[in-house]
Amino acid sequence: MIRSPKTETMSRTDLESFQLEQLKKTVSYVFERVPFYKNALKKNGVVPEDIKTLKDLARLPFTSKLDFRDNYPLGLTCVPRDEIVRVHSSSGTTGKPVIAPYTQKDVDVWAELIARSLACAGMTREDVLQNAYGYGLFTGGLGLHYGAERLGATVVPASTGNTKRQLMLLQDLGTTAISCTPSYALIMHETAIEMGIDIKKTALRLGILGAEPWSENMRIDIENKLGITALGIYGLTEIVGPGVAVECPHKTGMHIWEDNFLVEIIDPATGIQLPYGQEGELVITTINKEAQPILRFRTKDLTSLNIETCGCGRTMVRMSRITGRSDDMIRVRGVSVFPSQIESVLLTVEGIEPQYMIVVDRQNAFSSDELEVWVEVSEGIFSDEMTKMSALQTTLQRELDSVLGIKARIKLVEPKKLARTEGKAKRVVDRSELPKT
Amino acid sequence: MKIKQVSVFAENQEGRLQAILQALDTASVNLRAVSVSENADFGIVRMIMDDPEKGAKALKKSGFTERTDNMLSAEIPDIPSGLLNTVVLPLAEAGINIVYFYAFMDQKPGTARIVLKTSDDEKAERLLSKK
C-alpha cells in the first residue's frame, strides 16, 4: 500500500525541484548554526548561495563518523537544548557513541517515515507488529514502535531477548509481522523447533528485518523456515535511525525516501560521484531535519542505486542490498565492531601479539559462536599449564564482552596459522573462505 | 632434582603430533616421556628429552611455540604405594598442591620417575630431597 501516493510516486522533475529547495534551506541552516559546517563549507569555498542545482551537492563537504566523535555530544546540533525532546545513540562500542538528537518535529517526521515504510512493506492497521528490536538508546526499538502506532497497527513492544516468551506472545496475540534483525528471525525459528512450535502455522506473515547485513540466500532461508515474506529496512543513527529506506513486496531494492534524504554513490577511494547503477559507497544528506541535519554522511555501506520506477509505482530511487563495507567494520547482532577495536582489547592482555583473525558466519550468524576470534599463541602467552591457557581464553572473552559488548569465542591457534599479507592484513574472514583443515 | 621439560602448543587436529615428532626425529632427539593436556581446541604437549636444548631448537625451527621449564623431578621406587608414600603424601601433609604431573619408568631398574609442577616448587623440592 502506498501511504503518501502524491509524494511516493511524484515525477522525478517535481521531486528534484523539491529536493533542491530543501537542500538550499538545509545548507544555509547548518551554515548559520553549526561552526563545524560553517568551517567545512568555507574550506570547500562554498557559501549557501552557491547551491543552484542538485549537482552542487558534490561541492559540499563530507561528514564522517569521526566528525561525530570530534563534535561529541551535541556539537553538530542546530537547536537549543530545550527544543530537543529525545536523544538516541549508536552502540558506541569504544570511545564515544554517536548522539542523535530529535526535536518534536523530527520525532513526528521519523514516525511518519516508518509508518510509510511499514505500509510499503505491506503492513496495515489490521496488523499486529511484534517489535523485537532493542528498546532504549538504539533507534530500532522506539523508531519502529512509534511508526507502527502511527500506522495504526497493534504494537507488541517485545524488545530483544527472551525468545521463548516472544514465541508465546507471537502465538497468543496473533502476531502477523515481526521486526528484528535477520539473525534473530532465525534464532526464533530454532527456538520454536525446540519448543515444538511450527511458526508456519501461526498468523505470522511478514518480517521487517534490518540492522545487520544479510544475503539473498538468508532471505530465502528465513522465508522458507518461518513461512513469511522477509523485507529489508535500512537506516543509520547518524541520519535518523531505521526508515531511511525499505523494500516493497517486489523485492527489487529498498526505496529511499528521497523527499527526506538526498543520496549519492561515490567511489570510496576518491570521493567522486558515480552514476546510477554503479556500486560504491552510499552518501546521505538529510534535507528535512531540525535538530541535527547532516551533509553528505559517508555511510561506508557499499551498494548501488536504481532510478527506474518500481513495479509498485514508486518513483523514488532504490538501493540494492548492502554488499559490504568500504571499511572493515562488522556487525554482530546490530553492534558495530571494527577489527581495530578487537585488536585494542586483545592487546590489553600482556604478551599478546597483534596476530589475530576474526571469523564470521554470514549465512548463519546467530548462535553464541557467531563470532570467533582466532589468536595466535606466541611465546609471550604460552604456558605449560592448561589452567593458565584456559584462563587466558576466558579473560579475552570477558574483556571483549565487557568492553565491546560482543560475545565472541576465542580460539587459540598455532603461530603462522593466520595468513600474513603485505601491508594491511585481512582481519575479517567468512567461515566459508577458511581453508579446510 | 630438576629436569628440563620442553612444552609445545599444538592445535587439537590430526597431523599436529606427527609434525612435532617429525621435527624431533629430524634432529635425532630421543623422547623419554610425553604427557599431553588437551581441550577441544588445542593441547599442551610436554616432553622430557635426552637433549632438551636441541629439541626445543628443532621445534622452534618448525614453527612451533615452545618453552622450556626447569621441572621438579623425583625418583620413586617401583613398589606398591611408591608414588603415594614418596611424593603425594608428604606434599599433601605440607599443604602443597600438585598442578600437574606425569611419571614414567626410569632407566635405573626398579625405579620410576615423576615430573611435577606444584604450588610451591621450592618447598616441595626440599621435602622430596629429604626422602
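Results, tabulated for the structure shown:
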item: Using distinct alpha-carbon pairs, which all enter the 1/r mean, Kirkwood radius of the stretch A:49-105 in Å; result: 13.4 Å
item: Value at 222 nm in deg cm²/dmol, rounded to 500, when DSSP H runs of n ≥ 4 in chain A each add -39,500 (n - 2.57); result: -9000 deg cm²/dmol
item: Long-range HN-HN contacts of residue A:158 with modeled amide H, under 5 Å; result: A:131
item: Extension gain (nm, one decimal) between residue A:216 and residue A:96, 0.36 nm per residue minus Cα-Cα; result: 39.8 nm
item: Shape metrics for chain B, restricted to C-alpha atoms - Rg then Dmax, Å; result: 15.7, 45
item: Over 29 Å [Cα-Cα, chain A], rounded percent; result: 49 percent
item: Computed E for residue A:348/residue A:70 - FRET, C-beta separation, R0 22 angstrom, nearest 0.05; result: 0.35
item: Tilt relative to chain B, helix B:52-61 - C-alpha long axis, 0 to 90 degrees, to 10; result: 30 degrees
item: Cα-based radius of gyration of the stretch A:235-278 once divided by 2.2 N^0.38 Å, which approximates compact folds; result: 1.32
item: Cβ-based charge dipole, the protein assembly as shown, positive-most Cα from B:72, A:355, A:193; result: A:355
item: For the stretch B:71-130, diffusion coefficient by Stokes-Einstein and Kirkwood Rh (Cα), 20 °C, 1.002 mPa s, µm²/s; result: 187 µm²/s
item: For the stretch A:285-292, Karplus couplings with θ = phi - 60° (6.51, -1.76, 1.60), whole Hz, Gly/Pro x; result: 10, 8, 10, 8, 10, 9, 5, 8
item: Exercise: per-residue mean of other protein chain Cβ atoms within 10 Å, B:38-44; result: 5
item: Rounded tilt (10° steps) of B:121-130 against the dominant C-alpha axis of chain B; result: 50 degrees
item: Viscosity 1.306 mPa s, 10 °C: Kirkwood-radius Stokes-Einstein D of the stretch B:2-69 over Cα pairs, µm²/s; result: 136 µm²/s
item: Translational diffusion of the stretch A:116-221, µm² s⁻¹ [Kirkwood Rh, Cα pairs; Stokes-Einstein; 25 °C; 0.890 mPa s]; result: 178 µm²/s
item: Inter-chain shielding of A:383-393 (mean C-beta neighbours from other protein chains, 10 Å cut-off); result: 5
item: Within chain B, helix-based [θ] at 222 nm, where runs of 4 or more DSSP H residues each add -39,500 (n - 2.57), nearest 500; result: -8000 deg cm²/dmol
item: Listed residue pairs exceeding 19 Å between alpha carbons, taken from A:65/A:96; A:38/A:300; A:416/B:54; A:24/A:55; A:25/A:300; B:4/B:60; result: A:38/A:300; A:416/B:54; A:25/A:300
item: Antiparallel content of DSSP bridges confined to the stretch A:161-263, in %, to 5; result: 45 percent
item: 10 Å Cβ neighbours from other chains, averaged over peptide B:56-65; result: 2
item: Percent of C-alpha pairs per 5 Å bin, the stretch A:201-354, short to long; result: 2, 8, 15, 19, 18, 14, 9, 6, 4, 2, 1, 0, 0
item: Candidates A:385, A:238, A:258, ranked by Gaussian network fluctuation over chain A, Cα under 10 Å, top entry; result: A:385
item: Bridge type composition, the stretch A:52-173 - antiparallel percent by DSSP, nearest 5; result: 60 percent
item: Percent of beta bridges antiparallel (DSSP, the stretch A:5-326, rounded to nearest 5); result: 65 percent
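We did not get these values from a lab; they are worked out from the coordinates using the rules stated. Remember, it's a predicted structure, so these values are computed and weren't measured experimentally. Neighbour counts run over all protein chains shown; Cβ positions are idealised from the backbone, glycine included.
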